[in-house]
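Note sheet for the following structure.
The values are calculated or read from the model by the stated rules, or taken from the named source; none is laboratory data. Here the structure is a predicted model, which is why all the values come from computation and not from measurement. For neighbour counting, all protein chains shown are included, and Cβ atoms are generated from backbone atoms with ideal geometry for every residue, glycine included.
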Number of protein chains: 2
Amino acid sequence: MKKYVFTDSVGYLTTTISRILQQKLQAKFKSTGSNTTPEQWRLLVVISNEGEMNQSQLAELQHKDRAAIKRLLDHLETKNLVIRKSGKDSRSHTISLTQEGRKMVQVFTKASEETVNEALSCFSEEEAKNLNQLLNKLLNNIK
Amino acid sequence: MKKYVFTDSVGYLTTTISRILQQKLQAKFKSTGSNTTPEQWRLLVVISNEGEMNQSQLAELQHKDRAAIKRLLDHLETKNLVIRKSGKDSRSHTISLTQEGRKMVQVFTKASEETVNEALSCFSEEEAKNLNQLLNKLLNNIK
DNA sequence: TAATAAACGTTGATTAGTCAACAAAAGTAG
DNA sequence: CTACTTTTGTTGACTAATCAACGTTTATTA
């Protein structure tokens, strides 16, 4: 019977790791002169990967609420990285990347890859693969 | 040569997992009638585990900046979960838990443990142990 | 068809985190 | 001892997330 130690729990570890990685990524973005944030970039990548969709669908995919997505999109639209289109259902806005948005995804994917590689530098290829599988399994279990 | 896929990176996975776990924990806290948040609770636990220290030290331990810690402590102090004491160095405030603060740690540790156990329900004991080791190793590499 | 329900995006209020700048106190050097 | 530097906590401005409430528009159903 093991004692539960909070600083050793997935909750603590993922939260802390996530925060540090975001800080590193933010610094990397900033050093290129851009003021796009990691969260804004994440949203761009999701749209790029999953294709056009409306704000509610984005919210569900990102596990955030609609208000959070709305405000992120406001920032992205101001920077001309994204546009909202209205179709026949006038409640819904279809979100898609602009030319600049697509470029931003390309440029910052490299920065993101670098950050991840640095983070994983302590692992063998097998360990890294293992970690990835375990995290994916965990995510699927809780989402 | 593997292609880098962002939704498969530690950055994406840890951030998403962390967010979902926080949401679950928040819901659990709220269902007990408390308005203490997961982040506030985390800070309480750190103080409880690591002993009294000042705000700068807390900030460093939590990988947040001093302003963030200051504001969290303001909330905790308002709720009488924490007190700031001044010693000979009048710049520095030593933070310690109140009676209520200690009780809060106990009560919510159980909720936290439940949340973690539910999250890990898809894993064998060995897998869970493995995940923990890998996350700890990763954290040590980046912090 | 008319009334009701659901979906969508939006807004305001609150908690959280970062950054830059600041005053006050303590430490260091000349 | 005085001048400079560092440390500590604080504040304001900003991005981010959540919750509750709201108005429109679409869908359902009685």
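Of all residues in the range B:40-56, count the ones that are surrounded by fewer than 16 Cβ atoms within 10 Å (Cβ to Cβ) and either β-branched (Val, Ile, Thr) or part of a helix (DSSP H, G or I) (or both).
Our first condition is that a residue be surrounded by fewer than 16 Cβ atoms within 10 Å (Cβ to Cβ); within the range B:40-56, this holds for B:49-52, B:56.
Now narrow it down to the ones that are either β-branched (Val, Ile, Thr) or part of a helix (DSSP H, G or I) (or both): B:49-50, B:56.
Looking only at that region, the number is 3.
Could we say that B:Val107 is farther than 20 Å from A:Thr16 by Cα, more than 9 Å from DNA strand D (Cβ to nearest atom) and among the β-branched types (Val, Ile, Thr) here? Lay out the reasoning, then the answer.
Details: farther than 20 Å from A:Thr16 by Cα: yes; more than 9 Å from DNA strand D (Cβ to nearest atom): yes; among the β-branched types (Val, Ile, Thr): yes.
Yes: the conditions hold for B:Val107.
In the set (1) closer than 23 Å to A:Ile17 by Cα; (2) at pLDDT 95 or above, B:Ser92 fails one condition alone, (1).
Consider B:Leu81 carefully, then state whether it is within 13 Å of DNA strand D (Cβ to nearest atom), surrounded by 17 or more Cβ atoms within 10 Å (Cβ to Cβ), without any contact (Cβ under 8 Å) to a residue 60 or more places away in the chain and not basic (Lys, Arg). Taking the combined requirement at face value, the residue does not satisfy it.
Take the conditions (1) within 13 Å of another protein chain (Cβ to nearest Cβ); (2) of a type outside the set (Gly, Ala, Ser); (3) surrounded by 14 or more Cβ atoms within 10 Å (Cβ to Cβ); (4) within 30 Å of A:Asn140 (Cα to Cα); B:Lys3 misses just one of them, which is (3). In the set (1) under 16 Å from B:Gly11 (Cβ atoms); (2) in contact with a helix residue (DSSP H, G or I) (Cβ under 9 Å, 6 or more places away or on another chain); (3) of a type in the set (D, E, K, R), A:Lys110 fails one condition alone, (2).
Over 16 Å from the mean Cα position of the chain (by Cα) and of a type in the set (Lys, Arg): is that true of A:Lys30 in this structure? Working first, answer last.
On the way: over 16 Å from the mean Cα position of the chain (by Cα): yes; of a type in the set (Lys, Arg): yes.
Criteria met by A:Lys30.
For the range B:10-33: of the residues being hydroxyl-bearing (Ser, Thr, Tyr) and within 13 Å of A:Thr15 (Cβ to Cβ), which is farthest from the other protein chains (Cβ to nearest Cβ)? Per the stated criteria, the residue is B:Thr16. If I filter the range B:57-74 down to residues being within 12 Å of DNA strand D (Cβ to nearest atom) and touching a residue at least 24 places away in the same chain (Cβ under 8 Å), which single residue comes out as farthest from the other protein chains (Cβ to nearest Cβ)? In this case the residue turns out to be B:Leu73.
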